[in-house]
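To start, the structure under review is shown below, and the notes come after it.
The values are calculated or read from the model by the stated rules, or taken from the named source; none is laboratory data. Everything quoted here is computed from the prediction, not taken from an experiment. Please note: Cβ atoms are built from the backbone with ideal geometry, for glycine as well, and neighbour counts cover all protein chains shown. For accessibility, only protein heavy atoms count, side chains too; no ligands or nucleic acids. Shrake-Rupley method; radii C 1.70, N 1.55, O 1.52, S 1.80 Å.
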Amino acid sequence: MLIDDFDRLEPLQSFRLLNILSTNDNETGTGENKFGFDKIIIVCDINNLRDCFVHINGTNKAFNGYIDKFYSTEIFRFDIRNDLVKVINILFSQINMPPDVRSEFFERYLDIIQVMINCGEINVRTITKIQEAHIEIIPTKTLDDFHKTCDYAGLLFLVLKKMFVDDYEVSNAISACSIQEPLSPYRKNFTAINEVLCLLYPSITEKQQHELLIYDNKYTFNIQKTAYYSYWKLVAVNGVTDYYALTFPVFHLLDRIKYQYLNIPKSYE
């Protein structure tokens, strides 16, 4: 017997059913399952089941000792996050947006989406919602005949809003990633970091050095200004200047700028 979506049952009912199904010996003492099943397979999100346990008992300290009575050897953990990351380009190719915009979007924000997958905030169900969605590209601003710019940070939030139920869920996902992955490689995210910093600090545009203190770490930036835009370049973290070793709290920035794109109050956390 296979029971799917077991974690969607009422919390009390799910644990009552576990107790019933775990009574293996029938009254004749033959060792057979009293219901006549050779195998019982329960499919669920173990984290959701743990949350139900906490909801009922107020703590998760005894969960492992409780749940291990209901499986024979070990819990099989079905995890396709690595495979999902590998095919993300293919899945997103079905998004209705111009190829050049999609290419630039991936260059800036692909690593961020991959982190959200690894953190479990983006899964197969959320991605399939985006495949057939219509994305209205934020108008491109022409600077001159050669320089064009687009609000790719806004496009990221627009894509995320298509994946999740509402703006609050997008906010929760970003906050969760900020906790699980507090630091990301700077070299993979430098374009996105620069864009968000320019949005957060539009008045800091002159050529100068600027320092940000985040999580008790000091991030030193050189700010360059061209005729068309400003650029933030991270040069040191707590005095360390090795470019390949530099890390930055990317999701901390997204957590700060999300209020510009999500319809949620700033008091919401």
*Find me the longest stretch of the chain that has none of the exposed trypsin sites (Lys or Arg not before Pro), where exposed means in a DSSP loop (not H, G, I, E or B) with at most 11 other Cβ atoms within 10 Å.*
78-206
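Quote to one decimal, in nm, the extra length available between residue 168 and residue 238 on full extension: 0.36 nm per residue of separation minus the C-alpha distance between them.
Numbers: separation 70, 0.36 × 70 = 25.20 nm, distance 3.40 nm.
Using 0.36 nm per residue and subtracting the Cα-Cα distance, I get 21.8 nm.
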*Which of 210, 134 is most accessible, then next, and so on - probe 1.4 Å*: 134, 210
*What is the gain in length, in nm to one decimal, between residue 12 and residue 32 on full extension, counting 0.36 nm per residue of separation less the C-alpha to C-alpha distance?*
4.5 nm
*In debye, nearest 20: dipole of the stretch 194-242 around its Cα centre with unit charges on the Cβ of K, R (+) and D, E (-)?*
160
*Determine, from the Cβ-Cβ distance of residue 75 and residue 229 and an R0 of 45 Å, the FRET efficiency 1/(1 + (r/R0)^6), rounded to the nearest 0.05.*
0.35
*Rounded to a whole number, what % of the accessible area of the stretch 215-269 do carbon and sulfur atoms account for, probe 1.4 Å?*
49
*Nearest 20 debye, what's the magnitude of the dipole of the stretch 1-116 about its Cα centre given +1 on Lys and Arg Cβ and -1 on Asp and Glu Cβ?*
200
*asked:* Can you compute the modelled spin-label distance between residue 19 and residue 106, with each label point 7 Å from Cα toward Cβ, in nm?
replied: 5.3
*Hey, what do the phi angles of the stretch 43-50 turn into as Karplus ³J(HN,Hα) couplings, whole Hz, using 6.51/-1.76/1.60 and θ = phi - 60°, x for Gly and Pro?*
9, 6, 8, 4, 5, 5, 5, 5
*Between 156, 194, 3, whose Cα lies farthest towards the positive end of the dipole of the chain when Lys and Arg beta carbons carry +1 and Asp and Glu beta carbons carry -1, centred on the Cα centre?*
194
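In the stretch 20-106, which GluC sites (Glu not before Pro) are in a loop and have at most 12 other Cβ atoms within 10 Å, using DSSP for the loop call?
27, 74
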*How large is ³J(HN,Hα) for each residue in the stretch 86-99, as worked out from phi by the Karplus curve 6.51 cos²θ - 1.76 cosθ + 1.60 (θ = phi - 60°), to whole Hz, x for Gly and Pro?*
5, 9, 4, 4, 5, 5, 7, 5, 8, 5, 7, 8, x, x
*Once the whole set of protein chains is in place, how much accessible area is left on residue 79, using a 1.4 Å probe, in Å² to the nearest 10?*
80
*Could you name the lysines whose alpha carbon sits less than 22 Å from that of residue 129, not counting residues in the same chain fewer than 8 places away?*
86, 161, 162, 258
*Report P(r) for the stretch 222-269: all Cα-Cα distances, bin width 10 Å, range 0 to the bin holding the largest distance, values in whole percent.*
20, 32, 32, 17
*asked:* I want the local charge near residue 220. Using Cβ-Cβ distances under 14 Å, sum +1 for each Lys or Arg and -1 for each Asp or Glu among the other residues.
replied: 0
*Spin-label proximity, residue 4 to the stretch 53-77 - amide N less than 19 Å from point 7 Å beyond Cα toward beta carbon*: 76-77
*Which of the lysines could a cross-linker span from residue 61 if the Cα-Cα distance has to be under 19 Å and same-chain partners fewer than 8 positions apart are dropped?*
69
